[in-house]
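Have a look at the structure below, then the notes.
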Amino acid sequence: MSPASAPRAGALRPAVIAGTGSFAPERVMTNQDLQAIVDTTDEWIVSRTGMKERRIAGPGTATSDLASEAARRALADAGLAAGDVEMIVVATITPDYPFPNTACVVQDKIGATKAFCMGLEAACSGFVYAVETARNFIAAGAVTNALVIGAEKMSSILDWQDRATCVLFGDGAGAVVLKAAAPGERGILTASLGSDGSLTDLLLVPAGGSRKPATGGTVAAREHFLRMSGKEVFKHAVTNMVRAAQTAIARAGLQVADIDWIIPHQANLRIISAIAERLGMPAEKCIVNVQTYGNTSGASIGLALDEAVRDGRIRKGQKVLFVAFGGGFTWGAMVLEWAKGAEG
Ligand code: ACO
């Protein structure tokens, strides 16, 4: 198990989220629609997960298409021209290609010609990992802004014959623009990241990488689809998300009661409720949209953040906690002081 990332000392440049954007494909797939595909019921899905519907991208749409639309919206919100973006990070487990990375594809689509581009693979923790990565580039003075996107076409890696997984996920994208903070702005305060690579087998796509390249056999065995041991994942998710959140909050010199909003990875309503309860945080402080989007993996926190900012729930000066858990296993939490819009 790797140690959580340590807090930095010294006067590094803080970063703020200067704009948010999100995008989800138009097509809605309801629990009733799923009943026609696999042996499931609306009652089972709602009671186990809280999910009622999810968005599914069409066959001609790739992850970069979702990412680019979310990116355009975040850039417009931040008032930053695509041509002035210095760095693009795309967190995804459903890239357009094994290589090149999806951020390069996004760069071309949005015309961010000056940016350098990287992909980041940390499954459902990808958005938190990507924001923390870009934040450190800004803190070090390497860039003054960055476009960070979590985007997934989860429907492309789902086994539509496996009722235990195909009902859980959806497609979408969430993006933020980070900028070096102006004097007096605080923005991102702290983060706590961690991983446990000994539990890889509990949540993975078994084939298609260098360990098991694609063959007729891997396709026939359905090994290019996501596999998950749901119960095990559930336990590890709750334990590690609570611990990461507590660490990030303590590093910021705050108490749980100081947090105005928690934006958890939208894996499952029961996981979100368990985390809130263990942290001692009222359910009303949780931003939840799992009922409409399902689990969009690396996209989920960015998507929920954008909705909550645009509908006026998150306001300037408020403390916001991101917390995520995903395949790897990976987990991460981040505490921010919201620096944009009307005072809270
Ligand atoms: N409809 C109806 N029945 C189902 C379905 C379904 N869609 N799926 C499974 N079942 C059945 C099972 O076959 C099993 O039946 P059995 O008892 O006859 O064998 C029964 O329901 C119970 O199955 P469990 O897997 O034990 O159900 P559980 O209560 O654990 O709930 C769930 C399953 C929702 C997947 C839960 O374990 C969970 O949320 N786990 C965490 C998943 C998660 O968050 N993953 C994302 C992590 S992040 C990432 O990186 C992708």
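Remarks
- The simple spin-label model puts a point 7 Å past each Cα toward its Cβ; for Trp160 and Asp311 those points are separated by 3.0 nm.
- With each label modelled as a point 7 angstrom along the Cα→C-beta vector, the Gln246-Val219 pair spans 4.9 nm.
- Accessible surface for the chain, divided over its residues, is 41 Å² per residue with a 1.4 Å probe.
- Extended-chain gain in nm, criterion 0.36 nm per residue less alpha-carbon gap, Lys231 and Trp44: 65.8 nm
- Ala182/Asp108 FRET efficiency (R0 30 Å; Cβ-Cβ; nearest 0.05): 0.45
- Unsatisfied cross-links (Cα-Cα over 18 Å) in the set Lys52/Lys231; Lys319/Lys340; Lys153/Lys340; Lys153/Lys231; Lys109/Lys179: Lys52/Lys231; Lys153/Lys340; Lys153/Lys231; Lys109/Lys179
- Ellipticity estimate at 222 nm from DSSP helix runs (n ≥ 4, -39,500 (n - 2.57)) divided over the chain, nearest 500: -9500 deg cm²/dmol
- The distance between label points at Gln255 and Glu343 comes to 2.4 nm (points 7 Å beyond Cα on the Cα→Cβ vector).
- For the chain, hydrophobic long helices are taken as DSSP H runs at least 24 Å long by C-alpha position along their axis with mean Kyte-Doolittle hydropathy of -1.0 or more; these are 230-251.
- Difference of contour (0.36 nm per residue) and Cα-Cα distance, Tyr97 to Gln35: 19.2 nm
- Beta bridges by DSSP in the chain, antiparallel share as percent, to the nearest 5: 70
- If the segment from Ala283 to Ser198 were pulled out straight at 0.36 nm per residue, it would be longer than the present Cα-Cα gap by 27.4 nm.
- Sequence-separation-based contact order of the chain, relative, with Cα cut under 8 Å and 6+ spacing, percent: 25
The values are calculated or read from the model by the stated rules, or taken from the named source; none is laboratory data. Note that the structure is a prediction, hence the values are computed from the model and not measured. Cβ sites come from the backbone with ideal geometry, for glycine too, and all protein chains shown count toward neighbours. SASA here: full protein model, heavy atoms, side chains in, ligands and nucleic acids out. Shrake-Rupley method; radii C 1.70, N 1.55, O 1.52, S 1.80 Å.
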